[in-house]
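Worksheet: one structure, shown below.
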Amino acid sequence: LFDSEDPRERDYLKTILHRIYGKFMSHRSFIRKAISNVFYRFVYETERHNGIGELLEILGSIINGFAIPLKKEHLQFLVRALIPLHKPQCVSLYHQQLSYCIIQYVEKDPETAIAILTGFFRCWPWSCSSKQVLFLNELEEILELLGADQLGQISKTLFFNLSRCLDSDHFQVVERALFLWNNEHLVNSGCLSRLNAKLVLPIIYGPLYKNSSGHWNATVEGLAQNVLKMYMEYDLTLYDKCSTDYFRMEEENKRKITETATKWNSVSAMASANR
């Protein structure tokens, strides 16, 4: 019935199922299993179901009531059902509810952030800018709850993916990624703070510099300049080193391109001579 096209019916069903879950303790495990089966079929087979948002709303309050430490069953549900829900094309229809469930898990147990971010980047929608902006919204909420221990384990993956977002051809993706540095918590004590500058800056300097020096969108250019200025104030020696390394790599790349072009020209000349 949750697949009904009538939102009023789905709303009633949500209330009924939630009350059944609250009153009948013995049926809770079965209800969770039945919901996960709906998700499996939706993600891996059909990608068509009208009630995913409502089921996720129920799950939001169910996850809120999980005991700590989380049971193995609950962690499996997160990895096998919730994280893969980011894959379908229509994720924007239920993303708000999905994001709430994911954040509930991280609030319950910060260690789950590692599995979440690993799965998150595995199904990152590089070819769809609107989905990337949605995912960046969710990523910001997860990063606010990320502890130093978890960051240490996921930092390379996280910053390389951020670098790719900053290097995107779509200005809205770049703009949304740059807005992360407007989050006071992330900049003052989170993953983008002075403490992590040595980890972050060498990875993101290239796309930051490109965006700060002549991006066609004035907002993107201004935001990138602000971020570079912030890291310059944090550690000038580190900033100069990243700048030197970047320009050296650029020169190396230009040299390789020139060498390749020269080789192709000589091959072309030899082919013409042997005709």
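For the chain, the share of alpha carbon pairs falling in successive 10 Å distance bins from zero is 6, 24, 27, 19, 14, 7, 3, 1, 0 percent. When only alpha carbons are used to place a centre, segment 54-73 and segment 8-39 end up 12 Å from one another. In this structure, residue 247 and residue 194 have a Cβ-Cβ separation that, at R0 = 35 Å, corresponds to a calculated FRET efficiency of about 0.90.
Where a ≥ b ≥ c are the square roots of the eigenvalues of the C-alpha gyration tensor, would you call segment 1-137 rounded, which needs a/c under 1.5, or, failing that, prolate if a/b is larger than b/c, or oblate? Before the final figure, lay out the partial values.
Working: a/c = 1.87, a/b = 1.16, b/c = 1.61.
Here segment 1-137 falls in the oblate category.
A Cβ-based charge dipole, computed about the Cα centre of segment 118-275 with Lys and Arg at +1 and Asp and Glu at -1, lands at about 760 debye.
When the square roots of the Cα gyration tensor eigenvalues are ordered a ≥ b ≥ c, the ratio a/c for segment 140-273 is 1.5 or more and a/b exceeds b/c, which makes its shape prolate.
Quick check for you: with a 1.4 Å probe and neighbouring chains kept, what is the accessible area per residue of the chain, in Å²?
That works out to 57 Å² for each residue.
Across the accessible surface of segment 75-226, with the other protein chains kept in place and a 1.4 Å probe, carbon and sulfur atoms take up 49 percent.
Magnitude of the charge dipole for the chain, about its Cα centre and with charges confined to Cβ atoms of Lys, Arg (+1) and Asp, Glu (-1), is about 840 debye. Listed by chain and number, the lysines placed with their C-alpha closer than 25 angstrom to that of residue 229 are 156, 198, 210, 241; residues fewer than eight positions away on the same chain are left out.
Note on segment 34-103: semi-axes of the ellipsoid equivalent to its C-alpha gyration tensor, largest first and rounded to whole Å, are 20, 13, 10.
Could you order 127, 266 by accessible surface area, starting with the largest, using a probe radius of 1.4 Å? Could the numbers behind the result be given before it?
Working: 127 125, 266 60 Å².
In descending accessible area the options line up as 127, 266.
At an R0 of 35 angstrom, the distance between the Cβ atoms of residue 167 and residue 107 translates into a FRET efficiency of 0.65. Could you point to the residue in 137, 82, 115 farthest towards the positive end of segment 67-149's charge dipole, with +1 and -1 charges on the Cβ of Lys/Arg and Asp/Glu respectively? The one lying farthest along the dipole's positive direction is 82.
In this view, the solvent-accessible surface of residue 203, computed with a 1.4 Å probe and all protein chains in place, comes to about 40 Å². Ranked by solvent-accessible area (1.4 Å probe, protein heavy atoms only, all chains present), the residues 134, 199 order from largest to smallest as 199, 134. To the nearest 10, the accessible area of residue 95 is 10 Å² with a 1.4 Å probe. With the Cα gyration tensor of segment 90-218 giving a ≥ b ≥ c as the square roots of its eigenvalues, does the rule (a/c under 1.5 for rounded; else a/b larger than b/c for prolate; else oblate) give rounded, prolate or oblate? The shape class here is oblate.
For the chain, the 222 nm mean residue ellipticity estimated from helices alone, with every DSSP H stretch of n ≥ 4 adding -39500 (n - 2.57) and the total spread over all residues, rounds to -23000 deg cm²/dmol.
Please work out the C-alpha center-to-center distance from segment 128-144 to segment 237-274 and express it in whole Å. Value for the Cα centre distance between the two parts: 36 Å.
The values are calculated or read from the model by the stated rules, or taken from the named source; none is laboratory data. Small disclaimer: the values here were computed from a predicted structure and weren't measured. Reconstructed Cβ throughout: ideal geometry from the backbone, glycine too, with neighbour counts over all protein chains shown. All accessible areas refer to the heavy atoms of the entire protein, side chains included, with ligands and DNA or RNA removed. Shrake-Rupley method; radii C 1.70, N 1.55, O 1.52, S 1.80 Å.
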